[in-house]
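**Q** Structure below; questions to follow.
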Amino acid sequence: MRVRVGRAGIALLATVVVGGGATAVAASRGGDGNHDGMIRGAEAAHQSPRARAADSTTFANLNVTAHVDRLYCASAGVQCAGSSGAAANGNASPVRVVLQVLNNSGAPVGTLTTSSFQVQTDFVPAGGSSAVRSACAQCFQSVPGNGEYVLFLVPSSGTWKTGHYYPQISLTLPSGAAKRALADIEIP
């Protein structure tokens, strides 16, 4: 299997399912072994498996890494009160999205607040509703000075549907500059 990965300044992500259901993610920032913009099945098998996570994506002078944790509510976190386990078809359990925000020199951007983040989901499975931020008191978390943030997403109405949701997470820096990252939530 070959997947083309863009090389035009904006890192495009490609998810490849390899043996055993593991997922490898390549980005134009060097996820392919010979840096030709292609990742092949054999190379994907040697990538570190990541459970439906996006790789780092650089936007101008900012590096945003987003990881999606669909299984978080199986651990009965406080953000999951009243949910029925991991996010799955037919329930509305929150999905945890962990973000790391670094500046172009690799230093953490640790000054963002809950109002710095917005979510817009334009692409959802058939019959699905947008993924939006959950409004619970503990549904935004940050590690001061470390550039790590956590958001929890839920369906805007009804329940999750089987398929892929692609929320675009926008963040506004204190300078007023806006940056975006695209995540992939796969609901079985």
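**Q** Which of (1) touching a helix residue (DSSP H, G or I) at 6+ places or on another chain (Cβ under 9 Å); (2) buried (at least 17 other Cβ atoms within 10 Å of the Cβ); (3) under 19 Å from VAL64 (Cβ atoms); (4) not aliphatic (A, V, I, L, M) is the odd one out, the single condition PRO94 does not satisfy?
**A** (3)
**Q** For residues that are closer than 13 Å to GLN100 by Cα and in a strand (DSSP E or B), scanning just segment 136-147, find the one that is farthest from the chain's Cα centre (by Cα).
**A** Checking each candidate, the answer is VAL143.
**Q** Another one. Counting just the residues of segment 63-91 that are in a helix (DSSP H, G or I) and not small (Gly, Ala, Ser), which one comes out surrounded by the fewest Cβ atoms within 10 Å (Cβ to Cβ)?
**A** Only one residue tops the list, namely VAL78.
**Q** Mind checking whether some residue in segment 169-181 is in a loop (DSSP other than H, G, I, E, B) and in contact with a Gly (Cβ under 9 Å, 6 or more places away or on another chain)?
**A** Within segment 169-181 (the criterion being in a loop (DSSP other than H, G, I, E, B) and in contact with a Gly (Cβ under 9 Å, 6 or more places away or on another chain)), the answer is no, since none of the residues qualifies.
**Q** Residue under question is VAL119, and the condition is that it be within 18 Å of the chain's Cα centre (by Cα) and either in a loop (DSSP other than H, G, I, E, B) or farther than 20 Å from SER84 by Cα (or both); does it hold?
**A** So VAL119 passes the test.
**Q** Further question on the same structure: Out of all the residues in segment 148-165, is one or more in a strand (DSSP E or B) and of a type in the set (S, T, N, Q)?
**A** No, segment 148-165 contains no residue that is in a strand (DSSP E or B) and of a type in the set (S, T, N, Q).
**Q** Which residues, taken from segment 129-159, are surrounded by fewer than 14 Cβ atoms within 10 Å (Cβ to Cβ) and closer than 26 Å to ALA107 by Cβ?
**A** Selection gives VAL143, PRO144, GLY145, ASN146.
**Q** Looking at (1) surrounded by 18 or more Cβ atoms within 10 Å (Cβ to Cβ); (2) part of a loop (DSSP other than H, G, I, E, B); (3) aliphatic (A, V, I, L, M), can you tell me which one ALA126 breaks?
**A** Failing condition for ALA126: (1).
**Q** Here's a follow-up. Going through segment 160-188 one residue at a time, which ones are within 13 Å of VAL97 (Cα to Cα) and either crowded, with 16+ Cβ neighbours inside 10 Å or outside the structural domain of LEU112 (by TED's automatic domain parsing) (or both)?
**A** TYR165, PRO167, ILE169, ALA181, ALA183, ASP184, ILE185, GLU186
The values are calculated or read from the model by the stated rules, or taken from the named source; none is laboratory data. Here the structure is a predicted model, which is why all the values come from computation and not from measurement. Cβ sites come from the backbone with ideal geometry, for glycine too, and all protein chains shown count toward neighbours.
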